[in-house]
1. Here are some conditions: (1) among the acidic types (Asp, Glu); (2) surrounded by 14 or more Cβ atoms within 10 Å (Cβ to Cβ); (3) farther than 30 Å from Leu866 by Cα. Asp393 meets all but one. Which one does it not meet?
2. With respect to Ile396, is the statement that it is out of contact with any His (no Cβ under 7 Å at 6 or more places or on another chain), assigned to a loop (DSSP other than H, G, I, E, B), in the same structural domain as Gln355 (by TED's automatic domain parsing) and over 27 Å from Leu327 (Cα atoms) true?
3. Are there helices (runs of 4 or more DSSP H) fully within the stretch 752-853 with at least 2 residues that are of a type outside the set (Gly, Ala, Ser), closer than 30 Å to Glu542 by Cβ and in contact (Cβ under 8 Å) with a residue 40 or more places away in the chain? List them.
4. Go through the stretch 306-337 and report how many residues are within 30 Å of Ser456 (Cα to Cα) and surrounded by 20 or more Cβ atoms within 10 Å (Cβ to Cβ).
5. Failed condition for Ile825, given (1) under 12 Å from Phe775 (Cα atoms); (2) over 46 Å from the mean Cα position of the chain (by Cα), with all others met?
6. Would the stretch 191-208 turn up any residue that is part of a loop (DSSP other than H, G, I, E, B), touching a Phe, Trp or Tyr at 6+ places or on another chain (Cβ under 8 Å), surrounded by fewer than 22 Cβ atoms within 10 Å (Cβ to Cβ) and modelled with pLDDT of 95 or more?
7. Which one of these does Leu256 not meet: (1) crowded, with 17+ Cβ neighbours inside 10 Å; (2) touching a strand residue (DSSP E or B) at 6+ places or on another chain (Cβ under 9 Å); (3) not charged (D, E, K, R)?
8. Applying the selection to the stretch 119-140, what residues are within 39 Å of the chain's Cα centre (by Cα) and buried (at least 16 other Cβ atoms within 10 Å of the Cβ)?
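The values are calculated or read from the model by the stated rules, or taken from the named source; none is laboratory data. Quick caveat, the model's predicted, so the values are computed rather than measured. Please note: Cβ atoms are built from the backbone with ideal geometry, for glycine as well, and neighbour counts cover all protein chains shown.
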Amino acid sequence: MQQVLLRPDDADTVPVQMPRLAVVVPIFRHSVLLAEAIESVLAQRADFPIRLVLVNDGCPHRETDLVCREYALSYPDRITYLRKPNGGLSDARNHGIRHALATWPSVEAIYMLDADNRLRPDAMANAMAALAEHPDAGWIYPNIDMFGLSWAGDYGGDYSLLIHTVMNICEAGSLIRRTVFDAGVYFDTSFKSGFEDWDFFLTAAEAGFRGRNIDNFGFLYRKRAESMLADSERDSEAIRSEMRKKHKHLFSPRGLLELEQKEAPRYAFFLADRHEVLLTVDPDAPDGRTLTVAEFEQQWWRTQTDNSQHHMPPILVMTHSAVLEQLRRGRMLHGVLWTMERRLTNKCFAALEIQPSEADRIGWDEQEAQGAIELRADMLMVQPGLFSTIVRDSSIAWASGVAARPCNVPTNLLRLQLPQMLFSEGEGSYGAAAHDFVALAARYQASPNRDALAYSWDWRNPGIPWRSRTHEISRIPTKSDAAYPRVVTEGRDIGFVLPLVEFGGVERVALNIAKAMKKDGWRPHLFVIEARGCQFSAEWRETFDSVTFLADPGFSTWGPANTNYLGTDVPDWSRFGDQRHATAMLAWLDAVITFHSGAISGVMGQLKRFGVKTALSLHLSDLSPFRRLIGNTYLGLAFEHAYDIVLPCSQQLADWCHGMGMPAEKVIPLLNAPSFDLPEGAEARIADRRAMRSARDRLRVIYLGRLDHQKGVERLISIVETADAMRLPVDWRLIGKSVMGDSVLEIPAHIARSLEPPLTTPEGLAEAFEWADAFILPSYYEGLPLTILEAMRSGVIPIATDTGAVTEVVRQWENGIVLSQGETIAEAMSALTRLAGDPQLVLRLSAQARADVQGRDWASAVTPLLRRLEIMQAAEKKKKEQEGTKDGRQLVS
């Protein structure tokens, strides 16, 4: 219930003045101090009318009512007194604001003054002048000049929403433009334990408004040893948690990165060839700022004498524009920057050397450079704060050690191998980053500006220490050593997580899903979480926008495990490990798909809380030494709750997932298809090859795949040797290599000599299948092998063991041959004998195999996933809009 204290009977004789400004004072238990606040408003020297609105929020002290009545009766033309039941500070403020806006349309701004604080005489004139001078400002906020417990804090400099997420830089005693309230932004009445003003200004900022500080505001803050603020600090974590929930995007890794890029770029890239400095978080972001070297130097010195008010990128990077281009071409730019920044936690410098490689691979290794080698760094990253320390030092002798022979300061060296083809013709190595850094330090140390560092230039204490640590703010959600430096504000970015990339079946599935999603407008990114190198052919480079290695020595895909789920080890890392860096690596994405990645499932729950859509690609169950089904499928069951979507590679596996307890709506079969498109002309050649096969032709049999235990390599050797011993008319091609290194059987020399290296190009694979009549795959366990589908598409008859979902596509003696696990070798020999002696059977099975996989492609397979993601993103967008309306404007009525 509301009550407005009416003026005395002679109030109508008082001249009516239409106020431009209303000062709202909420009152609860400050009856004695209230008079000081009121008097400070009445004493304002301003050339415009000010209306003071006193709001008694059900204060139990009778004295509060007496003081308010006395002042309202004494100054009826300047003071309005409102009484209401107790509703808390936010409710009292809103009550006064609504009354002022409804009663006086002339009011341009509202000033919030707490009953125990006060103003200097020119405060409102100063604040209103600033509001008029800066039409882009939504509110004017003061420095904090305390009395009682004396302290003066400088909160000057440009307003930063990024910094505002970690500290309340805007005092409630701010002048707020009317348009902020007209937009529906009010104080949230659910905040009753403190930080109401912090939440209010964050809400205003999310609505598009920004604050501005003025040095001469004239606000005086009463500081006591015990206060409501002290109470709030005791409950601060709980209150901050509520703010993070309310302003979910603002506090998210992605939201903080957007702000960091816009307000406080993390890196200063000194580009030696251009004599320019690029200020940015993401070198590929379009809004990076470029300065001349002289402009940067001027800005740097400004921050050294007044670093609480001005921002300077905390991380210095010496490099060359050609180096950035090489990393872009290798899709490694962001991943390398992220890895180097993490290494600065324990090192003064992180150095990068780029080495060309003849192989179509990318890879890296690390070492401690101190005392070991001379750096020929193509990039040198400097620990935050170190450059300032060096310039202040009496000598740069220590810092010069980074360019010594050998390097004699703590430095992490990252050596990166990129394919030679990624280097432009005549493009040489830069290699001088360390020397350029020493030259830069020497120049700054010799600057006449250095003398200014010995003086203090402001009587106030620096109030915003985060100005020099803004790079740490985006780390807070994941608690990582570095936030991944990729800034995306639009588009759809999806991560593909694999333990290794060596052209295995799972990797080719990932590649083809990525290619199909890229055609639909998604941006695919590759994350290799265990290996330190990978195959990265032109097809992969054209598909993926970036590739990143986790480079975390504490991570293992299948590490030590002290627990198991249904017989499958649950890696300790997935439950108790240091997951900070893996989470930071993926937290900026819209969606993530993991492929046979074991322990990485442990971070998916956290990613879901950040709004990342998580998907699990399932392919096969492994076999334990006791031939029990275990592995990634069962680990998927253990972490099912952390995934939004499960993508089995076959309908059979989809049914298994549902039968094992996964909700049906979560399971989307993404059926395997051939992993490459047939080259131009291949279809015609295949048809001619099959039609021209003579009854006298020997049977051509091919094996194409990894030479590992899973694939039954010892069975394969026995089959080849037995066929030769039986003198079957069979010609063999064995193509592949060991990848997992888990086969205990040494391949006989006569077979090893005939082995062909793995094929990685569509042309090579198509030629191999064109040559063959039959494809043999004696595996112990599989999902739905891509090579079977690729063989069948080319009219090659599959001869495969009954494992995984093989029988979903291979029908016994209709389009192929299925071998039992118990009598694999004997049944394979029987099948080869029969095929070698029956040319018409070969033609019939070949034709049927080819027909059965027509139209089976990745575009069709991926369509259900794309539609589900569209639905989920649309629902998320609608939810955000509803939450924004609720949180930002719920108090307008």
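1. (2)
2. Yes; evaluated as a whole, the condition is true for this residue.
3. Answer list for the stretch 752-853: 762-771, 786-793.
4. Summing the residues that are within 30 Å of Ser456 (Cα to Cα) and surrounded by 20 or more Cβ atoms within 10 Å (Cβ to Cβ) in the stretch 306-337 gives 9.
5. Here Ile825 clears every test but (1).
6. Within the stretch 191-208, not a single residue is part of a loop (DSSP other than H, G, I, E, B), touching a Phe, Trp or Tyr at 6+ places or on another chain (Cβ under 8 Å), surrounded by fewer than 22 Cβ atoms within 10 Å (Cβ to Cβ) and modelled with pLDDT of 95 or more.
7. (2) is the only condition that Leu256 fails.
8. Ala130, Leu131, Ala137, Gly138, Trp139, Ile140, listed by residue number.
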